Structures are given as C-alpha cells and as structure tokens.
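Here's the structure, in structure tokens; my notes come after.
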Amino acid sequence: MPVWVLTLSYLVAAALFVIGLKRLGRADTAVQGNRLSSVGMLIAIVATLLDRQIVAFGTIAAGMVVGAAIGLWMARSVKMTAMPQMVALLNGFGGGASLLVGVAEYMRTQGAGLDLTTDSALTIQLSVLIGAITLTGSFVAFAKLQELMTGQPITYGGQQVVNSILGLAALGLLGWLVAGTAPAWALWAMVGLSLLLGVLLVIPIGGADMPVVISLLNSYSGIAAAMTGFVIKNDVLIIAGALVGSSGIILTQIMCRAMNRSLGNVLFGAFGSVQAGTGTAVQGELKEISVEDAAMQLAYAQRVVIVPGYGLAVAQAQQVVRELAHEVERRGGDVKYAIHPVAGRMPGHMNVLLAEANIPYEKLLEMEEINEQFPDTDVAVVIGANDVVNPAARKDKASPIYGMPILDVDRSKSIFVLKRGKGKGFAGIENELFFDDKTRMLYGDAKATLTRLVSEMKQV
Amino acid sequence: MESIIAGVVVFTLATFLGVELINRVPPTLHTPLMSGSNAISGITVVGALIIAGSGHGLLTNILGFVAIVFAMINVVGGYLVTDRMLKMFGGKKEVK
C-alpha cells in the first residue's frame, strides 16, 4: 500500500474519532457516535495490517484473537454495578500496551545498534514511564473497587517523601536513558520504579475519591497512547491520545468541583484517615422506623425523591427501586431521582444503574435542579448515600467536607435513610441528617429492605 | 527535532479540540463517555501491530504479542461495553 493511502486512512480514522466523540456527548446520537469511533479504529487497524512494514502475521493474529476474546468476554459478562472496576481495568490495559510498545521499540533500536536521537529517546521513555504508572495505578484502583483490598486509604509516615524520592529517581533514570549513556539495566530499573510508583500513588486514595482517580487514569491512558504515537511517529495515535487525555482531565475537574476539593488534595490528602474525627460532634439519637410504617407513609406521599448512592450499587438494588417507584406512582404520587455528581464510584455511575433498571432519564435530576424541589418533597428516600447528603457541608466550617455542594435532602418534609448499619460514612464523618427529627432509619441490606417495602405497599 | 515539534503541534491542537468536544456533555453520559473514550486510547494497538509485525527477534515479538493482547482488550472491551450501556439508555424510551 502506498504511504499516502496509509496516511489518508489514518486521517479518516482520526476524523471518525472526533465525530464519534462529539456524538457520544449527546443522548440521541451517542450509540451512533460510539459506533463511528469503532469504525475509525477498524480502519486504523486494517490500514496498519496492509502496510508493508508488517511481515510477521502469526504473532499478530494470535494476539488479536486472544485480546478480542478477552475484551468480548469482559464486556458481555460485567455487571453494570461493576462498571467502575471494568473501566479501571481497561485503562490499565491501555497503559500496559503503551509501556510494552515503548520497551520493545527501545530493545529494537538497541539490538540494531542504532543511535537514538534525543527526541526519539525522550518519547520512548515517556511512553514507558506513563504507561507503567497507568498500568499498576489502574490495577490498584481495580483491586480497591473490587474489594480485593481495603477501600480505605493506606498511609504511613513519610509517604510523600518516599513517593517524591522514587519519582525523582525514575525521572533521573529517564534522563540518563535519554542521554544515551545508560547501561541496559537502567531501562528495567525505570520500568520497575514506574510500576511501583503507580501502586504507591493510588493506595493512599480512598474509595469515595475513586471517581477522580478513574477519570485521571483515563486521561493518563490517553497521554500514554499519544506518547506511543510520538515513538512510532504516527499522528493518529497522537490525536486520539490527546482527545482521550483532555476528556479525562475535564471529567477529573468536574469530579473535583463536585467535591469542592483540588486535585492535589484528592491525590495527596488521604481523605478519610487524616481528617477523620474532626468536625462538630452530632447530638441526638437515631430513630428507627418499621418497614410497615414506612410503607404506609410512602403509600400516601404525593412527592417522593429517591437519593441513590454507592450502597445502591453494592446491594444491586436498582430493579427494586423501580418497583418501589412504580408502587408510589400507581397511587398517583410522583417520583424523582436526585443524582449527585460524585454518587457512586465513577462519573455517571448512578445514571447507568438506573438506566439498567429502565428508569426514564427525565426522572433523573441533577443537583441544582432537584435542590429547588426538596422543600416540596413529602418523603426523600436516601439509599446508601451518606456524605453527599450531609448538611455539615453547608453549615459546619470544621467539617472536612465543608463547602462540598450537597443534595439538600434535609429540607424535605420527611426523610427515610436506608443504611447497612449504624457506622459512619466513607469519609468517617457523622451525618447529622440521620439525627434530624424528620429522619427515620431503615437498617439492613438495601435490596432486602426495599423488597419488603414494596410488598408492604402492595397491601396498603 | 523537526518531527517531535510537528507532533507537539498536532498534540496541542487535538487537546484543545478534545476540551471543546467534551465540555458540555451531560452527567448522564459520563460513564459511557469514559468507557468510549477509553476504547479510543486503545489506538496504541497500531503501535503494537507495527512492533509485533516487524520481525525483530524473539523478545520484541513477545513484547509485541502482549501489547496487542492488552490493546485489543482495551479496544474490544471498551467499545462493546459502551454500546451495551448506551443501548440501555436508548431502551428507556420504549417504557415511556
């Protein structure tokens, strides 16, 4: 295939990525957008395979079949509640691929005794460094989300000093490799350090901050791809990587804003361990309500707002929520859903779960919109959400979450809180909403409680 | 140095374009946007193909093979799971 055909094919692929992303951003064109972008990918792959640089097809065919099969299996079998883990893994694989391409390219040039120019050497090593951090960082995020390891921040004394020293050491090795005088082990040392850094940078970040981390790693995987593009001098990789890199950064910013925290604070603040226990102590007692009484009250409610949180995902309760809403609506009541931007473990997590339960998206209201409606709400049902409804964010300057925009659930006429136990929220802060005179607690697994509520309501 | 500068130009412009494209996406679509853009970052598969197909010795071949596997998981998994999610979003209109 002549070079100009190859170049034009890559141009078409890049254009399809741009158009695809544009359409992915609107509800009515999103499916089409995603497919356009996948067609772009197909064109890029086919064009590359037809290029004459490719001589060994055996390895390629085997790799593509194995990778596609694993990807297909993952995409088919993953539960919607596990979507954050899935995205974390995919980020990791993307970063891993960039790492491997960088290493292989370095080995190839060294093996052939070629002298790398400074810019080629730099981009190779950056591809390795960013790819490696993305790989292990994403896998740690996966392990936290999958609960293979604790979701709590892991901290120790001098953590940031250790990380800084390791980071500087990795950069030093990178400089040495770029200068072209480094021995062969320097590459492996840098790979090892970068892999270690990926782990160390993510372990101090708590589960509730995962929306930020996943967005950021998404951005890294894009930047790693762009670096690989510099390595093989291919514009389509640079363009695609830059698009993903910027989209990840924007989502990261949106998530940070929704928590009223800076990116630096999320990454290095080890939220939930250091600051736990600060803030004004909450007075009062928690008041329980029986499922029968709660069902009775819901049956006569005109305006109900459901506030889903991570607990809903953990309990896999999205279908039962819809049944509950149906019971309310059958009696002429109105049900809306209040979606906080950082509810769940990734941006938009709650929207996906409720969509899976066939809840129409007009009923899902964003924070600003639903907050105006809480004063007219008869019953607000909080399912497994905690910090995003804590009024301390509005009132208590000593609270670690002070200033975070929250759902004003406390302004509704009465509140039910479904909670697994009497423990504190993820950030380790007491929630005064739970002690409010209007609040009644329903303890137990959210799905079991909701199921009992629905069956009680049918009898009312 | 020429080639890296040309690359930097392309990278910078594409970053601005990305910011413009993503900035006003509604929160409902954040998850599919993330998995869909993630699939795009699997474009590294092109680099992996070139490395694996170049026939430069065993180690390069092995690295290339694993790179292709990783990138293909990223591409295939990312696009399919996004499609699955978006179909759920679309399916709701029938319920209405």
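Points worth noting:
- Odd one out for A:T451, checked against (1) modelled with pLDDT of 90 or more; (2) buried (at least 19 other Cβ atoms within 10 Å of the Cβ): (2)
- When the stretch A:10-67 is filtered for residues that are among the charged types (D, E, K, R), in a helix (DSSP H, G or I) and more than 8 Å from chain B (Cβ to nearest Cβ), only A:R23 remains.
- Every pair of residues 6+ apart whose Cβ atoms lie under 9 Å, when the first sits in the stretch A:220-231 and is touching a residue at least 12 places away in the same chain (Cβ under 8 Å) while the second is among the acidic types (D, E): A:T228/A:E105; A:G229/A:D235; A:F230/A:D119; A:V231/A:E105
- Filter result for A:V304 (out of contact with any Phe, Trp or Tyr (no Cβ under 7 Å at 6 or more places or on another chain), outside the structural domain of A:G151 (by TED's automatic domain parsing) and within 19 Å of A:M80 (Cβ to Cβ)): no
- Single unsatisfied condition, A:W176 versus (1) under 16 Å from the mean Cα position of the chain (by Cα); (2) buried (at least 17 other Cβ atoms within 10 Å of the Cβ): (1)
- Taken over the stretch A:180-222, the criterion of being out of contact with any helix residue (DSSP H, G or I) (no Cβ under 8 Å at 6 or more places or on another chain) and away from chain B (no Cβ under 14 Å) is satisfied by A:T181, A:P183, A:W185, A:G192, A:G206.
- Checking B:F16, B:F65 one by one, the residue that is surrounded by fewer than 24 Cβ atoms within 10 Å (Cβ to Cβ) and either touching a residue at least 40 places away in the same chain (Cβ under 8 Å) or more than 7 Å from chain A (Cβ to nearest Cβ) (or both) is B:F16 and no other.
- Check on B:L59, among the hydrophobic types (A, V, I, L, M, F, W, C) and either more than 7 Å from chain A (Cβ to nearest Cβ) or crowded, with 20+ Cβ neighbours inside 10 Å (or both): no
- A:M64 under 27 Å from A:I130 (Cα atoms) and in contact with a His (Cβ under 7 Å, 6 or more places away or on another chain): no
- One residue from A:A143, A:A132, A:A121 being among the hydrophobic types (A, V, I, L, M, F, W, C) and surrounded by fewer than 20 Cβ atoms within 10 Å (Cβ to Cβ): A:A143
- Residue, modelled with the lowest pLDDT, within the stretch A:108-117, restricted to residues that are facing chain B (nearest Cβ under 8 Å) and either in contact with a helix residue (DSSP H, G or I) (Cβ under 6 Å, 6 or more places away or on another chain) or not in a helix (DSSP H, G or I) (or both): A:A112
- Summed over the stretch A:30-87, residues that are in contact (Cβ under 8 Å) with a residue 40 or more places away in the chain, over 23 Å from A:A13 (Cα atoms) and surrounded by fewer than 23 Cβ atoms within 10 Å (Cβ to Cβ) total 4.
- Among the residues of this structure, A:R440 counts as one that is in a strand (DSSP E or B), within 20 Å of A:G284 (Cα to Cα) and of a type outside the set (A, V, I, L, M, F, W, C).
- A:R452 in a helix (DSSP H, G or I), over 25 Å from A:V78 (Cα atoms) and basic (K, R): yes
- No other residue among B:V45, B:V66, B:V75, B:V81 is more than 14 Å from the chain's Cα centre (by Cα), assigned to a helix (DSSP H, G or I), of a type outside the set (D, E, K, R) and at negative phi apart from B:V66.
- The residue that is nearest to the chain's Cα centre (by Cα), among those in the stretch A:103-118 that are of a type in the set (A, V, I, L, M, F, W, C) and surrounded by 16 or more Cβ atoms within 10 Å (Cβ to Cβ), is A:V103.
- If you go through the stretch A:329-369 and keep only what is assigned to a helix (DSSP H, G or I) and surrounded by 24 or more Cβ atoms within 10 Å (Cβ to Cβ), you end up with A:H349, A:M350, A:N351, A:V352, A:L353, A:L354, A:A355.
- Here A:V103 fulfils each of the conditions (1) at the interface with chain B (Cβ under 7 Å from one of its Cβ atoms); (2) among the β-branched types (V, I, T); (3) free of Cβ contacts under 8 Å to residues at least 60 places away in the same chain apart from (3).
The values are calculated or read from the model by the stated rules, or taken from the named source; none is laboratory data. Predicted model only: the values in this text are computed from it and were never measured. Don't worry about glycine lacking a Cβ; one is built from the backbone with ideal geometry, like all the others, and counts go over all protein chains shown.
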